[in-house]
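Down below is the structure, laid out as structure tokens.
The values are calculated or read from the model by the stated rules, or taken from the named source; none is laboratory data. Here the structure is a predicted model, which is why all the values come from computation and not from measurement. So basically every Cβ, Gly included, is an ideal-geometry build from the backbone, and we count neighbours across all protein chains shown. Each accessible area value is taken on the protein alone, full model and side chains, heavy atoms only, with ligands, DNA and RNA left out. Shrake-Rupley method; radii C 1.70, N 1.55, O 1.52, S 1.80 Å.
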Amino acid sequence: MNQIPVKKNEKYIVDIIDNGFGGEGIAKVDGFTIFIPNALKGEKCEVLIVKVLSSQAYGKVIKILEASEDRVEPDCATYQRCGGCDLRHMTYDATLNLKRNTVQSLINKGLQNKIEAEKTIGMENPYNYRNKAQFPVGIDKEGNPTVGVFAQRSHTIIPIQNCKIQTEVSQEIARSIIEFIKENKISIYDEEKQNGAIRHIVIKVGKYMKQIMCILVVNEEIGKTNENKLVEMLCTKYKDVKTIVKNINNKNTNVILGKQNVNLYGDGYIEDKLGEYTFKISPMSFYQVNPIQAEVLYNTAIEAANLSKEDTLFDLYCGIGTIGIFASKFVKQVYGIEIVEQAIEDAKENAKINKVKNAEFICGDVEFAFDELINKKKVIPTAIIVDPPRKGLDEKTIQNILKIKPEKLVYISCNPATMVRDIAKTEGVYVAEKIQPVDMFPYTSSVECVAVLKLK
């Protein structure tokens, strides 16, 4: 067996030859791969080896000996500890190139037709773009209630300072709630003992309609008096608060929201605009986290699909109906399928709000509901847009698509690795014509893609 050329806790001087999918630097010592976070391609670094496995090692930067011209000083005090962003040490343009290269190398490895990924569509102002903030609440070293974000790979809370990706108002509201909790001596949930009241503060902001939803996630009751005082404080301080919801979660789990919601103020939802359409956002429903780029993404997908008034469009994994509703004016009929019941109720409501008459939304697992529509009900789509979760499409759905061979097929993906894997399975019938990365989450390593598939 070959000797591993690096040892744990030893220092080495290395050249960074590439960046991996998560933005980490890649170096080689005698052909042996080392992954180094916060290192950029083209740099020379002194690194400390922190972990050695049989096939690779992990290091951390001790000193940058030769810096890349793409390197910048991170503009966030908690960047190294927080897991929220992973690319704040490089210029924004460099992050866009990194994302395109990530997609390109997946294409090169996975597809027979090695097309060139388009340049990543960036965001004009890539700051404070997240319209949903989920802040854990805990106790700091001094024993005081605190709110912030979990440090990477731990449940230690880093207090909110000035996050560059959350909206400013959500950070202010979270701070106000923490002050209120301190003043009124409300208990904080203890993960180990599984007792105490406040677990999370979740804030959703309708960016265009300027509406705010506050969700207080509790393990046990805080009392009517406290609830009334909290509502009064929030509504007085923040005029855009439209609804305040108490969410009850008394399970020992990492899932943030429990199943039960109680409206403390307002009617339990807010609305926001996406393009020319209005969407209703409820506590449980998924809504695009970056609405500015979501609009870019949907327009890119719909344009790419080249839809016409004769088309019957299937919107698979339709969520609250955003893409289907966006596309409705270009086609004859839309069918949306989604497994989350609340999302489908929202989708039907959203179609109503926007006076969209040619969209039908079906609650069910895409694998079975799609199968039933085409094989039992004989509704055959001429166009399909899929927007699956990270794990990609299941075998049955791919086989069904290949069986009906819609002329227009667009794959929207939040995980280019599973997207390329799925496209490869269609290559006998389809050819990937264009793959367009879109920067939905600036300064993180996530990349969204729109892939256009054409029948061979």
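Some observations on this one:
- Residues whose amide H comes within less than 5 Å of that of T33, counting only those at least five positions distant or on another chain, are A57 (H built at 1.01 Å from N in the peptide plane).
- From phi via Karplus (6.51, -1.76, 1.60), per-residue ³J(HN,Hα) for segment 365-376 in Hz, x at Gly/Pro: 6, 3, 3, 9, 5, 5, 4, 5, 4, 8, 8, 9
- Listed residues K99, K273 arranged by accessible area, highest first, probe 1.4 Å: K273, K99
- Phi angles across segment 114-122 convert, under the Karplus curve 6.51 cos²θ - 1.76 cosθ + 1.60 with θ = phi - 60°, into 3J(HN,Hα) values of 7, 6, 8, 5, 5, 5, 4, 7, x Hz, Gly and Pro given as x.
- In segment 220-280, the GluC sites (Glu not before Pro) that fall in loop regions by DSSP, at most 14 other Cβ within 10 Å: E220, E221, E276
- For I62, residues with placed amide H under 5 Å, excluding near neighbours: E46, V47, L48
- Where labels lie 7 Å past Cα in the beta-carbon direction, separation of E372 and E341 in nm: 1.4
- Cleavage-rule hits, GluC sites (Glu not before Pro), segment 114-157, DSSP coil, Cβ neighbours within 10 Å at most 12: E116, E124, E142
- Applied to segment 308-320, the Karplus parametrisation 6.51 cos²θ - 1.76 cosθ + 1.60 on θ = phi - 60° returns per-residue 3J(HN,Hα) values of 9, 4, 8, 6, 9, 9, 9, 10, 8, 6, 7, x, 8 Hz, with x for Gly and Pro.
- Its residue count N fixes a reference of 2.2 N^0.38 Å for segment 69-135, and the Cα radius of gyration divided by that reference is 1.38.
- Proximal charge balance of Q152 [Cβ under 10 Å; K/R count +1, D/E count -1]: +1
- Each label was represented as a point 7 Å from its Cα along the Cα-to-Cβ direction; for Q333 and T253 these points are 3.7 nm apart.
- Ordered by solvent-accessible area of protein heavy atoms (1.4 Å probe), largest first, the residues Y127, Y79 come out as Y127, Y79.
- As a ratio to 2.2 N^0.38 Å, the alpha-carbon radius of gyration computed for the chain takes the value 1.07.
- Whether segment 1-54 is rounded, prolate or oblate, judged on the alpha carbon gyration tensor where a/c under 1.5 counts as rounded: prolate
- Chymotrypsin sites (Phe, Trp or Tyr not before Pro) within segment 170-279, DSSP loop, no more than 16 other Cβ atoms inside 10 Å: Y208, Y238
- Spatial separation of Cα centroids for segment 439-454 and segment 1-32, in angstrom: 28
- Shape class of segment 375-456 from the Cα gyration tensor (axes a ≥ b ≥ c, square roots of the eigenvalues): prolate, since a/c reaches 1.5 or more and a/b is larger than b/c.
- Count of Lys pairs (Cα-Cα under 23 Å; at least 8 positions apart or interchain) in segment 285-396: 27
- Segment 102-213: Lys pairs at Cα distance under 28 angstrom, eight or more positions apart or on different chains: 23
- Shape analysis of segment 276-381 places it in the oblate category; the axes a ≥ b ≥ c from the Cα gyration tensor give an a/c of at least 1.5, with a/b not above b/c.
- Close amide H partners of Y335, meaning residues 5 or more places away or on another chain with modelled amide H under 5 Å apart, are L313, F314, D315, E360.
- With the cut-off at under 20 Å, measuring from each backbone N in segment 295-313 to a point 7 Å along the Cα-to-Cβ line of V379 picks out 307-313.
- Cα centroid of segment 135-210 to Cα centroid of segment 65-103, whole Å: 26
- Between I353 and N299, the FRET efficiency from the beta-carbon distance, with R0 = 22 Å, is close to 0.60.
- Helix-only [θ]222 nm of the chain, DSSP H runs n ≥ 4, -39500 (n - 2.57) each, per residue, nearest 500: -8000 deg cm²/dmol
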